[in-house]
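I have placed the structure first, in the form of structure tokens, so that the comments after it can refer back to it.
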Amino acid sequence: MHIRVLGSAAGGGFPQWNCNCSNCAAVRQGDPALTARTQSSIAVSRNGQDWLLVNASPDILAQVRAMPELQPARALRDSGIVAVLLMDAQIDHVTGLLMLRERRTALPLYATPQVLDELNTSLPLVRVLSHYAGVEAHLLSLTEPDFAVPGLEDIRFTVIPLSSNAPPFSPRRDAPLPGDNIGVVIEDIQSGQRLLYAPGLGRMEPAVAQAMATADVVLVDGTCWRNDEMQALGLSDKTAADMGHLAQSGPGGMIEVLAALPKRTRKILIHINNTNPILRSDSPERAALTAAGIEVAWDGMAITLGSSNG
């Protein structure tokens, strides 16, 4: 089973277009300790040719250009993207759907009823796409969480509800319902190896802890180093928790959570905000992660689990 990180940054990417924080300024100036990143998304395949996108970033066109496998050229008009799975309705996870509008057939789209409701009302992308090839909606259930995606045989997907927040444009902002945010366990059925993908994780709960404990790889929320990071820089009045993200440092933070996992577990942070000091490869914060056995995802990062064909 192949997993590819298409984008590793949080909303706005890195550098963010209008941000002059020390990280964004330095990466524009070519600081070798920093690497530009697109907004977070991953792709999953069994055979290396047919791929499921997990979230559709606004940067999808650049991500496709950077990954030739997503454009295998088997026909005059062709794509390796067989379907899209959405973790939430956040702008940085769904607006790439608009860039996939030229398909000849409806795009299979896997999402919870809450997310599809947002994409039909508050942010009506499904309605807009109906004027093109449209989408073929597949509803995800929290009560029957296992599902399969045609074209990705021998891979099992399992929905995990997450405590985070609904998008700012949602009527459920600051009062999210189960299903507004999910993670997914991706399992290679033949080997039994599993990856947990949870880019928006605001609070640890038993289902998440269980999924982490049984995963071979956890690819999880790395948005902020400190809970008050954005406030301390004068960039926002909201904490990481307010935005639906569990900070890395401090009691109960992501570092502490990941430290409790089995030593065999590979631990990787994704969805990294432009303000986060872990973006610098030479920062004390990055050194602390390395000492804790935690990696920082990067655009193009490849992960292989179990036996893969292709």
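The values are calculated or read from the model by the stated rules, or taken from the named source; none is laboratory data. Everything numeric in this text was worked out from a predicted model, so none of it was measured. All Cβ positions, glycine included, derive from the backbone under ideal geometry; neighbour counts span all protein chains shown.
One line per residue, one yes/no per condition, for (1) in contact (Cβ under 8 Å) with a residue 24 or more places away in the chain; (2) out of contact with any Pro (no Cβ under 7 Å at 6 or more places or on another chain); (3) part of a loop (DSSP other than H, G, I, E, B):
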{"site": "ALA43", "(1), (2), (3)": "yes, yes, no"}
{"site": "GLY48", "(1), (2), (3)": "yes, yes, yes"}
{"site": "GLN63", "(1), (2), (3)": "yes, yes, no"}
{"site": "GLU69", "(1), (2), (3)": "yes, yes, no"}
{"site": "ALA73", "(1), (2), (3)": "no, yes, yes"}
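Would segment 254-271 turn up any residue that is touching a Lys or Arg at 6+ places or on another chain (Cβ under 9 Å), in a loop (DSSP other than H, G, I, E, B) and touching a residue at least 12 places away in the same chain (Cβ under 8 Å)?
Scanning segment 254-271, I find at least one residue that is touching a Lys or Arg at 6+ places or on another chain (Cβ under 9 Å), in a loop (DSSP other than H, G, I, E, B) and touching a residue at least 12 places away in the same chain (Cβ under 8 Å), so the answer is yes.
Name every residue in segment 10-35 that is touching a strand residue (DSSP E or B) at 6+ places or on another chain (Cβ under 8 Å), not hydrophobic (A, V, I, L, M, F, W, C) and not in a loop (DSSP other than H, G, I, E, B), in order of residue number.
ASN23
Do any strands (runs of 3 or more DSSP E) entirely within segment 80-163 hold 2 or more residues that are over 21 Å from VAL44 (Cα atoms) and of a type in the set (Lys, Arg), and if so, which?
Fully inside segment 80-163 and qualifying: nothing.
With GLY134, GLY151 as the choices, which residue is at positive phi, in contact (Cβ under 8 Å) with a residue 40 or more places away in the chain and more than 18 Å from the chain's Cα centre (by Cα)?
GLY151
So which residues in segment 228-239 are in contact (Cβ under 8 Å) with a residue 24 or more places away in the chain and either buried (at least 17 other Cβ atoms within 10 Å of the Cβ) or β-branched (Val, Ile, Thr) (or both)?
GLU229, MET230, listed by residue number.
Determine which single condition GLY306 fails, assuming it passes every other condition in (1) at pLDDT 95 or above; (2) crowded, with 17+ Cβ neighbours inside 10 Å; (3) not aliphatic (A, V, I, L, M).
(1)
Here is a check on your reading of the model: is ALA247 over 15 Å from the mean Cα position of the chain (by Cα) and surrounded by fewer than 17 Cβ atoms within 10 Å (Cβ to Cβ)?
When the stated conditions are applied, ALA247 does not pass them.
For segment 217-227, which positions are crowded, with 24+ Cβ neighbours inside 10 Å and either touching a Pro at 6+ places or on another chain (Cβ under 9 Å) or of a type outside the set (A, V, I, L, M, F, W, C) (or both)?
LEU219, VAL220, ASP221, GLY222, THR223, TRP225
Select, from SER163, SER191, the only residue that is closer than 25 Å to MET212 by Cα and at pLDDT below 95.
Just a single option satisfies the conditions, and that option is SER163.
Given the conditions (1) in contact with a Leu (Cβ under 9 Å, 6 or more places away or on another chain); (2) part of a loop (DSSP other than H, G, I, E, B), report the number of the one that ARG173 does not fulfil.
Going through (1) in contact with a Leu (Cβ under 9 Å, 6 or more places away or on another chain); (2) part of a loop (DSSP other than H, G, I, E, B) one by one, ARG173 breaks only (1).
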